[in-house]
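A short worksheet on the structure shown next.
The values are calculated or read from the model by the stated rules, or taken from the named source; none is laboratory data. Bear in mind that the values here come from a model prediction, so they are computed numbers and not experimental data. All Cβ positions, even for glycine, are placed from backbone atoms using ideal geometry, and neighbour counts span all protein chains on display. Areas reflect the complete protein model, heavy atoms only, side chains present, ligands, DNA and RNA absent. Shrake-Rupley method; radii C 1.70, N 1.55, O 1.52, S 1.80 Å.
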Amino acid sequence: MIKIDALPAFSDNYIWLLQDVERRRCAVVDPGDAAPVLAWLAGNPGWQLSDILITHHHFDHVGGIAELKAATGARVMGPANEKIPACDLALSEGHSVEVLDHALRVIDVPGHTLGHIAYYQADQHWLFCGDTLFAGGCGRLFEGSPAQMHDSLGRLAALPDQTLVYCTHEYTLSNLRFAQAVEPANARLAERLREVTAWRAAGKISLPSTLELERATNPFLRCQEPAIVDTINEREGLRTRTSGEVFTQLRAWKDSF
Ligand code: ZN
Ligand code: FE
């Protein structure tokens, strides 16, 4: 059995720690800082870090790789189309990798960065999606186009309802506040905002989320929703819009929200 915990890093990053409890082996996703992982290993003697999974090249995701690899000899895997420090395994769409005896499928999700990848485990329903899909939102477009991000999110949104969304940042509350401005009449969203507000006030993590909940409350996955199309049409001047155009306007609105 694999147990997954979040190791907090910087101000709002999470380093996901996958633990094979029986064999005392573990893996981490996007260790932007080595210190929280090394501290965990120091507190759990006898455990071996076997793998380091990277979703994209930003410093807050790759900053700890060199130190962790030097300390543990862990295998480093990351996107083939980006420069990842000390990368042993270059991955892209369709590749499958074994991590702690579980097969992870690689999905290309360009948008936040051009080579961004996500890792999906079909039996356990894990999705490690970096800065592409966030709880209640999506990543900023640093390198890709709105069309690329819209397409990438569409591919993630096609995964099953029970998929567990392990994204890298605790942005949920601010994302849901924006979502409510976009879709004030969404009751499920209002309920989620209340729930996450309470969790955060108590210092609790808001992740992982599920794809079912994201499809019901994340505006960036709801660009075909008539209420959202209407809101965008009102803001931008009335005309019929494609979901790609709605996505583009939503992303631009969120950037200045
Ligand atoms: Zn990033
Ligand atoms: Fe990030």
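In the range 7-38, which residue that is at positive phi and of a type outside the set (Phe, Trp, Tyr) is nearest to the chain's Cα centre (by Cα)?
Within the range 7-38, the first condition is being at positive phi, and the residues that meet it are 10, 24, 30.
From what's left, of a type outside the set (Phe, Trp, Tyr): 24, 30.
On the way: ARG24: 26, ASP30: 10 Å.
Step by step, filter the range 7-38, then rank; the result is ASP30.
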Item to check | Flag for LEU153 being within 24 Å of ALA6 (Cα to Cα) and either touching a Gly at 6+ places or on another chain (Cβ under 9 Å) or not charged (D, E, K, R) (or both) | outcome: yes
Checklist entry - Do you know which residues across the range 122-181 are within 16 Å of ligand 2 (Cβ to nearest atom) and in a helix (DSSP H, G or I)? => result MET149, SER152, THR172, SER174, ASN175
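Scanning the range 109-135 for residues that are away from ligand 1 (no atom under 16 Å from the Cβ) and touching a residue at least 40 places away in the same chain (Cβ under 8 Å), which turns out nearest to ARG222 (Cα to Cα)? Outline the logic, then answer.
Step one: list which residues in the range 109-135 are away from ligand 1 (no atom under 16 Å from the Cβ), which gives 120-127.
Restricting the remaining residues to those that are touching a residue at least 40 places away in the same chain (Cβ under 8 Å) gives 120, 124, 126-127.
Numbers: TYR120: 22, GLN124: 25, TRP126: 22, LEU127: 19 Å.
Out of the qualifying residues, it is LEU127.
What helices (runs of 4 or more DSSP H) completely inside the range 1-115 contain at least 1 residues that are more than 14 Å from ligand 2 (Cβ to nearest atom) and open to solvent by 40 Å² or more (accessible area, probe 1.4 Å)? Step through it out loud before you land on a result.
Numbers: elements: 35-43, 59-62, 65-72.
So the answer is 35-43, 65-72.
VAL62 - would you say it is out of contact with any helix residue (DSSP H, G or I) (no Cβ under 7 Å at 6 or more places or on another chain) and away from ligand 1 (no atom under 16 Å from the Cβ)?
Values: out of contact with any helix residue (DSSP H, G or I) (no Cβ under 7 Å at 6 or more places or on another chain): yes; away from ligand 1 (no atom under 16 Å from the Cβ): no.
So VAL62 does not fit the description; no.
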Checklist entry - Does any residue of the range 247-257 turn out to be closer than 30 Å to ILE4 by Cα, among the polar types (S, T, N, Q) and not in a helix (DSSP H, G or I)? => result no
Checklist entry - Quick one: what pairs do we get from the range 33-56, first residue within 17 Å of ASP101 (Cβ to Cβ), second open to solvent by 50 Å² or more (accessible area, probe 1.4 Å), C-beta under 6 Å, 6+ apart or different chains? => result TRP47/ARG24; GLN48/ARG25; SER50/ARG25; ASP51/ARG75
Checklist entry - Does LEU176 meet the test of being within 25 Å of ASP60 (Cβ to Cβ) and either open to solvent by 60 Å² or more (accessible area, probe 1.4 Å) or at pLDDT 95 or above (or both)? => result yes
